[in-house]
Structure formats: C-alpha cells, structure tokens
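Structure first, commentary second.
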Amino acid sequence: MDGGKRKRSVCATQEPEAQQKMVKDKNIKAIPEVVTLKKEIGLLSACTIIIGNIIGSGIFISPKGVLEHSGSVGLALVIWLSGGSIAALGSLCYAELGVTIPKSGGDYSYVTEIFGGLIGFLLLWSAVLIMYPTTLAVIALTFSNYILQPVFPNCIPPYVATRMLSTVCILFLTWVNCFSVRLATRIQDIFTVGKLLALGLIIVVGLVEIFKGEYDGLNPSVAFTFFKSPSVGGIALAFLQASFAFSGWNFLNYVTEEVVEPRRNLPRAIYISIPLVTIVYTFTNIAYFASMSPEELLASNAVAVTFGEKLLGMFSTIMPISVALSTFGGINGYLFTSSRLCFSGAREGHLPSLLAMIHFKSCTPIPALLVSCTASIFILCIGETHNLINYVSFINYLSYGVTIAGLLYYRWKKPNLYRPIKVNLLVPISYLVFWVLLLGFSLHSEPIVCGGGLVIMLTGVPVYFLGVHWKEKPKCIYDFIEWATYLGQRVFFVVFPQVDPIVAATTPTEWTDKSSTTSNASGTF
C-alpha cells in the first residue's frame, strides 16, 4: 500500500522472461501469450451479471422491511416502483461513466480518476471492509436459511448450521471463480435463468389468485389503509430496504475490461436489465400482497416459503429450493465482481500489490478473490440480517451519490472529453436531490446504524495517509512487503497482468480530450 511508486517485489517487477522462468521452474508446459484479464463477457453474460447481482436475496427478505417501515401495502408498492426508477436514473449515469472512463473497478475507479486518491480510497475502504462482504454474508445466510427451512419446518434453523452451510457455499464458489472466468460466467447465466423462473412461479401463482378474485388487499381503499402512522424517516428507511434489493445494478462497471465491446454492450446490458428487474420485482410484490395479509407477511422470516406453504400445498418445497438456487447465483455474482474491486484498488496502489496479480494460466485474480471470501466469512459470524441491510444500504447510497456528483464535476472539469454516451443533466441532478433527502432522513431516523457506517468509512483516512500517502516508510516495512508479495506469487502462481496490445492501441484514442487534440498535446489522462 505504498502508492505503487516504490519498487515492488523482485519477482513482481521482473520482465516477462523472468516471470516465465519462475513458471518453468514448476515444470508447467503451457503459458498464455499474454497474461491479462480476458474479454469473455458478451451481451448475454453482461445482462446476467446485472440481473444475477440484483436478484439475490433482497426480493425474498426486503418486502418485510419495506412494508414494516412504510406502514401500508399501497405505499410499499409505490416504494418498490420508485426504487426501480431511481436505480434506472443511476444506471444511466454509470453508463456514461463506464464508457468515458473504460476501467474496471466501478465507483472506485471513477471517483479516483475524478476526485483523486483520498476520496477513491475511502470508497474502496468502505466497500472492501463493509459493503461487499456484508452483502455477500446476507445473501449466503438467506441461501442457508432457505435450504435448511424444509429440514427445520417448525423452528428457525440453528445458528451454527446456517453459518457452516453459508461458509461452505462461499468457499465452493470462490474456488470456481479462481479456477475459470468462463465457468463462473456460465454458472451466472444458468442460475440467473433459474432465479427468474423462481420469481416467475411466484408471479404466476399470484396472478392466478387475482383472477380468482382474491385481490381485496390490493384495492386502493384497503391498500392505503395504514396499520401505523407513516413518517418521513420511516419512508426513508423503507427506501433503504428496497434499495438493498436493487443493489448490484452498477456491478457490470466493475468488470468493464472483461466485457466484449464495452462501449456497445455495457449500456445495452443496463438498458435491458434494470427495467426487467423493476417489472419482475413489482409483480412479485403484487403476488405477495394478493396472497398474504400484511400481518402474515410481517410475521414471516422467509416470505417466499410462507407464500409457497399457503398456495402450493404439497409442492411447497419447490419454493425454498428455488430461492436457494437464486441466492446461490447471487453469491457467485458478488464474488466475481467484488474481487475485481480489490484487483483495481491494488492496481492503483491503494491495496497490497499482490491483490493486483492474476493466475498465470487461468488469468483469474486469485488473491483478490481470497480476500473477498475471507472478509465475507468473517462478517457471517458477527451480524444480524436486517441491521446488516441498513448498514450496507446507507453506504451503498453514499457511494452512488459521490460517484454521480463526480459525473457533474467531470463534465465541468473536462467539457471537451469524448463521451460516447452523454445523459441529460436532469438525470444526475434528479438522482442527487433524491440522494440528499434519503440519506438525510435515514441518518435522522437511524443515527446509530447510519452514523456507524460513516465512522467506519472515515477510519480509512489515517489508513490512507499511513499506508498510501506516506512514501518514506522504514526499509524493514518495504522488505516485509516484498517478501510477502514474493511468497504470495510462489503460493498462488500469480503475476502482474501484461498489457494487452489491442487494448494499449485503442485506449489513448478512446480517452482523448478534444481540446488537447486540437493543441497537438497528448490526449491521455
């Protein structure tokens, strides 16, 4: 974490010939001509990454939180629709940033490029420490709860059993992601289809009930009958719960460098995926509310299981299995994308350089994947699901807002920069207005939870100045870093990725500032 300017480990900084020598010592026959992240994510896989990351556990646990804080069925449905609309506004902004700054790493890479190292590091710090490990832990706990529900039909599954099963699931999918990018994306494709089928089953069963005339709870006079007085703070917390279900809409931006033709496929995938998920979520909640009373939904710890037990009879076991498959795909997607964040942070010199290395043969960021896996397993043991959701939703929205504010600042800072996509200014401004109101009221309603997230984020300030900004560290520290990096390379067979000559040839013109071009100056950042 020395900012990348200090000489890295001997093995890490050697030329490709030296790296090949290290490989030959292990009697390994085949070495790729270029050791770099491979572009293996087409439009279909790009859509499944977005859909698969959004549809994880949120739609199966957040309906309870949204209804509880909103106070009525009608307002809860409005919040679900609004949550999708807000995600759509944010995704439009991220589409512009993704093709303007074509780097993997998402929010972190954009904020670092626009605002500099400290702000970028704080986003990285909060994401690596809280945001993504927490989300992974919540999805893994949902997976284990639904898998074990048929085994313990009359009680809550044991604490130890859920944690052990969650840990096994995370470890297995970490191995898959370490082994092959192609295998990880194929799993994502298959399980995304599976989770859409699971939600499709809920929607179809709910529509059958509506056609039977069982929709009294959806009549406006009943739906907007409040079982508790609504408050602005409560509505803000309901939005945070819904936003957790929509989190992941920006995750394709974390793997931009692995997307085939990112300028075309990144925005297309966003435009296809966000409306599809919003429609599916809205109809899923309509199915829930058509089949269950608010009291039944609030009393349930597994909404989809309660739904299945009430309407599917002897086939009710289909529901927990379907939800478990859905969350399994969600865990895979979050591991895939969150590890790329660690990879990008290390490449910028904000994390240990070992995390910027990839396996010489499979070209997967094994050290970064292991960090994501370890942090998630640690979070599994210390948190309760609904509190974790409030933590992660608040920090998620904080990161989104800072990134979209960066879009406006970048428009002013580099007005002549070539932007393949340029959204109307009303889009980021509308998002930021909503963002300020939501975070302000959430902080007012839950000062301990939301304030705790802010405090954890700000603990990154001294870490940044000690680990990144301070260049003249004692020699013993550098010696230890070099030794640890070399050891990690020998254990995991990882090297720094080489520059793909095709990318190297296209990137400067993609990032050209028109004003710089006209003055015959270099147009790269």
### Task
Output the qualifying pairs, or none if there are none: Cβ atoms under 7 angstrom, residues six or more apart or on different chains, first residue in segment 319-344 and on the phi < 0 side of the Ramachandran plot, second residue among the basic types (Lys, Arg) and in a helix (DSSP H, G or I).
Leu325/Lys195; Ser326/Lys195; Gly329/Lys195
### Message
Quick test of your reading of the structure: Trp175 fulfils all but one of (1) open to solvent by 50 Å² or more (accessible area, probe 1.4 Å); (2) among the aromatic types (Phe, Trp, Tyr); (3) over 21 Å from Phe251 (Cα atoms). Name the failing condition by number.
### Response
(3)
### Message
Conditions first: (1) surrounded by fewer than 22 Cβ atoms within 10 Å (Cβ to Cβ); (2) at pLDDT below 85; (3) in a helix (DSSP H, G or I). Asn301 passes all but one, so which condition is the exception?
### Response
(3)
### Task
Would you mind finding the one in Ser70, Ser85 that is open to solvent by 10 Å² or more (accessible area, probe 1.4 Å) and of a type in the set (S, T, N, Q)?
Ser85
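Kindly establish whether Ile331 is surrounded by fewer than 22 Cβ atoms within 10 Å (Cβ to Cβ), in a helix (DSSP H, G or I) and modelled with pLDDT of 80 or more.
For Ile331, the condition - surrounded by fewer than 22 Cβ atoms within 10 Å (Cβ to Cβ), in a helix (DSSP H, G or I) and modelled with pLDDT of 80 or more - is not met.
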### Task
Select, from Thr174, Thr135, the only residue that is modelled with pLDDT under 90, in a helix (DSSP H, G or I) and under 19 Å from the mean Cα position of the chain (by Cα).
Thr135
#### Entry: Flag if Leu443 is without any contact (Cβ under 8 Å) to a residue 60 or more places away in the chain and under 20 Å from Ser247 (Cα atoms)
yes
### Task
State all residues of segment 343-355 that are within 19 Å of the chain's Cα centre (by Cα) and open to solvent by less than 10 Å² (accessible area, probe 1.4 Å); if no residue qualifies, say none.
Phe343, Ser344, Gly345, Ala346
#### Entry: Residues (more than 15 Å from the chain's Cα centre (by Cα) and either open to solvent by less than 10 Å² (accessible area, probe 1.4 Å) or modelled with pLDDT of 85 or more (or both)) located in segment 249-260
Glu258, Val259, Val260
### Task
Would you point out the residue of segment 183-214, among those that are surrounded by 14 or more Cβ atoms within 10 Å (Cβ to Cβ) and of a type in the set (Lys, Arg), that is farthest from Ser322 (Cα to Cα)?
Arg186
### Message
Given the criterion at pLDDT 85 or above and either touching a strand residue (DSSP E or B) at 6+ places or on another chain (Cβ under 7 Å) or open to solvent by 70 Å² or more (accessible area, probe 1.4 Å) (or both), identify the matching residue among Phe239, Phe224, Phe246.
### Response
Phe224
#### Entry: Per-region count, segment 208-254, residues farther than 30 Å from Ile404 by Cα, part of a helix (DSSP H, G or I) and either in contact with a Phe, Trp or Tyr (Cβ under 8 Å, 6 or more places away or on another chain) or not hydrophobic (A, V, I, L, M, F, W, C) (or both)
7
### Query
When you go through (1) in a loop (DSSP other than H, G, I, E, B); (2) modelled with pLDDT of 90 or more one by one for Lys361, which number turns out not to apply?
(2)
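Quick check on my filter: what residues within segment 48-63 are closer than 16 Å to Ile286 by Cβ and either open to solvent by 10 Å² or more (accessible area, probe 1.4 Å) or among the aromatic types (Phe, Trp, Tyr) (or both)?
So the first thing to find is which residues in segment 48-63 are closer than 16 Å to Ile286 by Cβ, and the list is 59-60, 62-63.
Correct list: Phe60 only.
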### Query
Would a scan of segment 261-273 turn up a residue that is touching a Gly at 6+ places or on another chain (Cβ under 8 Å) and surrounded by 24 or more Cβ atoms within 10 Å (Cβ to Cβ)?
yes
### Summary
Pro153 passes all but one of the listed conditions (1) surrounded by 22 or more Cβ atoms within 10 Å (Cβ to Cβ); (2) not in a helix (DSSP H, G or I); the exception is number (1)
### Message
Quick test of your reading of the structure: Gly308 fulfils all but one of (1) surrounded by fewer than 23 Cβ atoms within 10 Å (Cβ to Cβ); (2) farther than 17 Å from Gln489 by Cα. Name the failing condition by number.
### Response
(1)
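The values are calculated or read from the model by the stated rules, or taken from the named source; none is laboratory data. Because the structure is a prediction, the values reported are computed rather than measured. Positions of Cβ are generated from backbone atoms using ideal geometry, with glycine treated the same way; all protein chains shown enter the neighbour counts. When the accessible area is computed, the model is the full protein with side chains, heavy atoms only, and any ligands, DNA or RNA have been set aside. Shrake-Rupley method; radii C 1.70, N 1.55, O 1.52, S 1.80 Å.
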